[in-house]
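Note sheet for the following structure.
The values are calculated or read from the model by the stated rules, or taken from the named source; none is laboratory data. Since this is a predicted model, take the numbers as computed values, not measurements. Reconstructed Cβ throughout: ideal geometry from the backbone, glycine too, with neighbour counts over all protein chains shown.
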């Protein structure tokens, strides 16, 4: 699967997000970005338990890409906290957040400073760590669209969608789907033509497609809905 980049300009935000954690309580801290060109509309709210930090200060640097509407479409780890499940918790929070619209796709760098202020303890239960590698909505048509090739339809935005490696249950998966598009670009009749073998994965593809925006070239006389097809591959080898 080809890596897809939808980056038109890069912005660097040096301000860190601080989350001071007491030993007996959790802390919740909102992110604040000061650059006028990249401000949070719905800021990440990070709830951290002392055991998440494993008795020491942590720092996470992320590269965040958002579309012109401010929706987060991609998150990459530039510097890990060293604790996989903590990285994953923050990444999930960032995906659920939203920037103010800027009118263009952009990328920012954001640092999260996580300060442990309690007393070290050995009573924390081990946390099952998850692989931080995620799969995005990288379909065949979207890949061709990014390469400026002619496609039967065009994604006007990348669907909000990410699947963790663990959700593939130990093997590569593939989903083929179809949908109908009206002359007013309304999506309907989404169907799975080839299932991944995992119902929850198929349903996430359907959900992501139903909330995105798609357009296509139309003839002036076209009044009926046109059926389109696409496919997405979740290659287990993409995540080592």
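Going by the conditions given, is residue 197 loosely packed, with under 13 Cβ neighbours inside 10 Å, in the same structural domain as residue 225 (by TED's automatic domain parsing) and over 20 Å from residue 224 (Cβ atoms)? First the steps, then the outcome.
Numbers: loosely packed, with under 13 Cβ neighbours inside 10 Å: no; in the same structural domain as residue 225 (by TED's automatic domain parsing): yes; over 20 Å from residue 224 (Cβ atoms): yes.
The answer is no for residue 197.
Could you list, ordered by first residue, the pairs with Cβ atoms under 7 Å in which the first is in the stretch 128-146 and farther than 23 Å from residue 53 by Cβ and the second is at pLDDT 80 or above and part of a helix (DSSP H, G or I), at least 6 apart or interchain?
137/208
Would you confirm whether any residue within the stretch 118-131 is at pLDDT 85 or above and surrounded by fewer than 13 Cβ atoms within 10 Å (Cβ to Cβ)?
Here is the first cut: in the stretch 118-131, the residues at pLDDT 85 or above are none.
Within the stretch 118-131, not a single residue is at pLDDT 85 or above and surrounded by fewer than 13 Cβ atoms within 10 Å (Cβ to Cβ).
Modelled with pLDDT of 85 or more, surrounded by 16 or more Cβ atoms within 10 Å (Cβ to Cβ), touching a strand residue (DSSP E or B) at 6+ places or on another chain (Cβ under 8 Å) and outside the structural domain of residue 227 (by TED's automatic domain parsing) - does that describe any residue in the stretch 76-85? First the steps, then the outcome.
First, pick out the residues of the stretch 76-85 that are modelled with pLDDT of 85 or more: 76-81.
Those left that are additionally surrounded by 16 or more Cβ atoms within 10 Å (Cβ to Cβ): 77, 81.
This time we only want the ones that are touching a strand residue (DSSP E or B) at 6+ places or on another chain (Cβ under 8 Å), so: 77, 81.
Now drop any that are not outside the structural domain of residue 227 (by TED's automatic domain parsing), which leaves 77, 81.
For the stretch 76-85, residues modelled with pLDDT of 85 or more, surrounded by 16 or more Cβ atoms within 10 Å (Cβ to Cβ), touching a strand residue (DSSP E or B) at 6+ places or on another chain (Cβ under 8 Å) and outside the structural domain of residue 227 (by TED's automatic domain parsing): present.
Quick one: which residue in 44, 68 is closer than 13 Å to residue 99 by Cβ, modelled with pLDDT under 85 and not assigned by TED's automatic domain parsing to the domain that holds residue 162? Full working, then the answer.
Working: 68 fails: modelled with pLDDT under 85.
Matching residue, one of 44, 68: 44.
Given the conditions (1) part of a loop (DSSP other than H, G, I, E, B); (2) surrounded by 14 or more Cβ atoms within 10 Å (Cβ to Cβ), and given that residue 224 satisfies all but one, which numbered condition is not satisfied?
Residue 224 satisfies all of (1) part of a loop (DSSP other than H, G, I, E, B); (2) surrounded by 14 or more Cβ atoms within 10 Å (Cβ to Cβ) except (2).
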